[in-house]
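Worksheet: the structure to be examined is printed underneath.
The values are calculated or read from the model by the stated rules, or taken from the named source; none is laboratory data. Source: prediction; values computed, not measured. Cβ coordinates were reconstructed from backbone atoms using ideal geometry, including for glycine residues, and neighbour counts include every protein chain displayed. Areas reflect the complete protein model, heavy atoms only, side chains present, ligands, DNA and RNA absent. Shrake-Rupley method; radii C 1.70, N 1.55, O 1.52, S 1.80 Å.
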Amino acid sequence: MNEQARNDAGAKKTMNKGTKVLLIIVCVLVGIAVLMAAAVLILNAIGRSAMTDDGGSIDLAAANPQAFEAVGTGTVRYNGKLYRYNDDISCILLMGVDEYQKSEQSYYGNAHQSDVNVLAVLDPRNEKLTLISVSRDIMCELEMLDSEGNFIGTGNAQLALAYSYGDGGDVSCQLTSKAASKIFYGLNIPAYASIYMQGIADLVDTVGGISVTPSENFNGFAAGQQVELHGSLTEQYIRFREHDIEGNNRRMERQKQVLMALVYKGLASARENPASILDIYGSVKENVTTNINAAMMVYLARQAIKLDFDGQIHNVPGHSELGEQNHAVYVVDEEAFLAMIMDIFYDPVEQ
C-alpha cells in the first residue's frame, strides 16, 4: 500500500470514529428529549386524572325536582331538553385571605377569613375558561372543628367563616372548598389555592404592576382616575370595605378588577412561556397554600393556553340584605343560579 492509500485509510477510520461519536451524542439527546416528552405526558395524564371527575355530576334534581329530572348518571332533563354534565371540566377554588401574611405556625380556630372566593372553571371540551365570584357573605352549610382539629358538627354561616375553623393552611382551604361545593350542589372541586395579602402584593409586583380605575372615591382613591398598583397600594385597594350592606359587593368589584388584570398578564405570560407560571408561583409561594402539585400544574398549564376567556368574572346571582345578627348576608337567586350552572357545567345532548 502506497503512502497516499495509507493516508486515505487513516482519514476514513478517523471519520468513521467521529461519525460514531456524533451518532451516539445525537441518540443520547434524542433519548433525553423522548424521556422529557414522556415525563410531560405522564404528568399531564396524572394531572388530568386528579383534576377531572369522570362520570361525575351535580345533584340538580335534588336542588329543584320541579325543574330538573334525573335521566341516568350525569344527565338531566331541563325545560324539555336533555343535558349531560361535562366531566372534562376542572375546577379550582381561589381564596384571598383577610390577613397580611401567612403564619409559620398553624393552629385551629384562627381568626382568618376568606374575603375573596373565586371558582376557576377550565373547560377544554368547549375551549373556555370561566371565573365565578362567590360572595363571602353567602350563607351555607360548613363544617366546624374544635381547637384540636376534631369535627364537632355543622352550622349555617357565611362562606368566609369556613376558613376560620381550619388551621390557616390546607385544612382551612379544604373546609372552604367543601362549603363551596355544597353551594354548587355537590360540584367536584379537587384543587384549591389561598393567598394572603402580602402574596397578592408580591404577585402584582412580579408581573410588573397593574393599572386599575376606581369607580368611586374611597380610601384616598379618586373615581375615574387610573392608578398603577404596586406593593402596599394593592392591599389598600382590595381590602378596604365600607361597613354597610353593599360594602362587600363594592369591594368584590375592585377585587375583580385586580384579578382580571392578573389573569390577562398571567395568560399572556403562559402562552409565551408555559414555564413562567412556575416562576410566578415561586415569587409568592411563601404566602400561598395549595394542593396543586407538579402533575396538576403541568396539566392546567397545557389546558390554559388553549382556552378562551370572556374577560368577565361572573357573580353568583343574588342580592345583599341585612341578616338576623345585623350583618350583611348574600341571598342567592336560586333560579338564575341554576340556569348559570346549566350554562357552564352541562352540554346539550343531541337527540
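Can you grab the distance from the C-alpha centre of region 215-270 to the C-alpha centre of region 174-200, Å, no decimals?
That distance is 21 Å.
What length, rounded to one decimal in nm, is gained on full extension from E286 through to S106, with 0.36 nm per residue of separation minus their alpha-carbon distance?
Values: separation 180, 0.36 × 180 = 64.80 nm, distance 1.36 nm.
The span from E286 to S106 would gain 63.4 nm if fully extended.
Please say if region 77-213 is rounded, prolate or oblate, where rounded means a/c under 1.5 for a ≥ b ≥ c the square roots of the C-alpha gyration tensor eigenvalues, and otherwise the choice is prolate for a/b larger than b/c and oblate otherwise?
On the way: a/c = 2.24, a/b = 1.19, b/c = 1.88.
Oblate shape, in that a/c is at least 1.5 and b/c is the bigger or equal ratio.
For an R0 of 22 angstrom, estimate the FRET efficiency from the Cβ-Cβ distance between S211 and D310 and round to the nearest 0.05. Write down the numbers at each step before the final one.
Working: r = 20 Å, r/R0 = 0.93.
The pair S211/D310 has a calculated efficiency of 0.60.
Which of rounded, prolate, oblate describes region 145-255, given a ≥ b ≥ c as roots of the alpha-carbon gyration tensor eigenvalues and a/c under 1.5 marking rounded, otherwise prolate only if a/b is larger than b/c?
Prolate.
Can you give the FRET efficiency for A70 and H319, using 1/(1 + (r/R0)^6), R0 = 30 Å, r = Cβ-Cβ distance, to the nearest 0.05? Write down the numbers at each step before the final one.
Working: r = 30 Å, r/R0 = 1.00.
Approximately 0.50, to the nearest 0.05.
Just to confirm my numbers, what's the Cα centroid distance between region 325-351 and region 64-104 in Å?
Region 325-351 and region 64-104 have Cα centres spaced 9 Å from each other.
Rg and Dmax of region 116-181 over Cα atoms: what are they, in angstrom?
Just the Cα atoms of region 116-181 yield Rg and Dmax of 13.7, 44 Å.
So what is the accessible area of region 103-157 per residue, in Å², with the probe set to 1.4 Å?
Values: 2550 Å² over 55 residues.
That works out to 46 Å² per residue.
When the C-alpha atoms of region 69-118 are aligned to their principal axes, what extent does each axis show, in angstrom, from largest down?
Result, largest extent first: 52, 20, 18 Å.
Calculate, in nm to one decimal, what N219 and R271 gain on full extension: separation in residues at 0.36 nm each, minus their alpha carbon distance. Working shown, then result.
On the way: separation 52, 0.36 × 52 = 18.72 nm, distance 3.61 nm.
Net length gain for the segment: 15.1 nm.
In region 82-130, which trypsin sites (Lys or Arg not before Pro) fall in coil by DSSP and have 14 or fewer other Cβ atoms within 10 Å?
Numbers: sites: R84, K102, R125, K128; in loops: K102, R125.
Filter output for region 82-130: R125.
Could you name the aspartates and glutamates whose alpha carbon sits less than 18 Å from that of K128, not counting residues in the same chain fewer than 8 places away?
The qualifying aspartates and glutamates are D53, D87, D88, D308, D310, D343, D347.
How high is the relative contact order of region 204-273, in percent, with contacts defined as C-alpha pairs under 8 Å that are six or more residues apart? Each step should come with its number before you reach the end.
Working: 65 pairs, mean separation 20.7, N = 70.
Normalised by residue count, the contact order of region 204-273 is 30 percent.
For region 276-351, which trypsin sites (Lys or Arg not before Pro) are both in a DSSP coil and crowded by at most 16 other Cβ atoms within 10 Å? The partial results should precede the final answer.
Working: sites: K285, R302, K306; in loops: K306.
For trypsin sites (Lys or Arg not before Pro) across region 276-351 that sit outside H, G, I, E and B with at most 16 neighbouring Cβ atoms in 10 Å, the list reads K306.
What pairs in K178/K306; K81/K306; K182/K256 have C-alpha atoms more than 25 Å from each other? Provide the component values of the computation, followed by the final result.
On the way: K178/K306 29 Å; K81/K306 30 Å; K182/K256 23 Å.
Listed pairs above 25 Å: K178/K306; K81/K306.
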